[in-house]
Amino acid sequence: MTDIKVASAQYVDAKASVLQNALDTHTHTINGITDFPTSMPPASHEHTISEITDLQTVLDGKAVSSDLTNATNRITDIENKMPNLASGTNQLADKDFVNSSVNSMAAHQLTYNAARDPFPSKAALNSATIFYYKGAAFTPTEHDYCVVTADETNNNAQVRYVYDGSAWIFGYKINDKPFTSEQNAAIDSGATKTIIDSVANKTDVGHTHTKANITDFPTTMTPAAHTHADANNGGVIAYANISGRPLFSLSGDGILTITI
């Protein structure tokens, strides 16, 4: 018969206490935890400026609200000076106003006749009652101009005269010889004095030069790859006709001699 040992209540209580203590105090590594999270986002929290590295330095470099207010006021001041139609000399003009002014004040190059010939003399300009703009009759307005090809006071030079609203006044001397077709085209386009001066007295675009006038003309010109034909040999050059060719001779005993 198996012995049955009966533990006292005190013994059981003591062992239970030891077991409970072991359960309360033991540890595990991460690998021993089956559902250990892969990431642990922090709970919602706040930091002071001093707890964030260099934050105060960055903030010190930013604009303050008063700076933005001042900038807005300056922009508003500029906008107030840019009306659609400026009326004061201290006002700025917007794009629409400038375009409108250019279109209304654009100078027209007026000619002697519908063929667009310049005025032959200053007297012809002053006595003219009909003017032409791009081949059509046109009434002069302020800033319009004409070219006179024989101005008595400027040694028969070509001169530009400008209409001031009531009379033709001297503008500036253009050229000392008749215009080329390129110069006339520039005048027709409303070219400025700077552009006209840049083409005046220049050599015609169709001119030529001799080799002696070309500063970097090459001293030698290597020929491109090519062949030669002999008209007397069916278009094929005979070897005997090639200058400087190597000479071959074969002796009776089979020795080949090459002479270069």
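The values are calculated or read from the model by the stated rules, or taken from the named source; none is laboratory data. All values derive from a computational prediction rather than experimental measurement. Ideal geometry is used to build each Cβ from the backbone, glycine not excepted, and the neighbour counts take in all protein chains shown.
Some observations on this one:
- Single residue of 93, 107, 115 found to be in a loop (DSSP other than H, G, I, E, B), under 30 Å from residue 173 (Cα atoms) and either in contact with a helix residue (DSSP H, G or I) (Cβ under 9 Å, 6 or more places away or on another chain) or modelled with pLDDT of 85 or more (or both): 115
- Boolean, residue 66 is exposed (fewer than 10 other Cβ atoms within 10 Å of the Cβ), modelled with pLDDT under 80 and either touching a Leu at 6+ places or on another chain (Cβ under 6 Å) or not aliphatic (A, V, I, L, M) (or both): yes
- Number of the exception - residue 123 against (1) at pLDDT 75 or above; (2) within 41 Å of the chain's Cα centre (by Cα): (2)
- Any hit, the stretch 21-33, residues being outside any loop (DSSP other than H, G, I, E, B), modelled with pLDDT under 80 and surrounded by 10 or more Cβ atoms within 10 Å (Cβ to Cβ): yes
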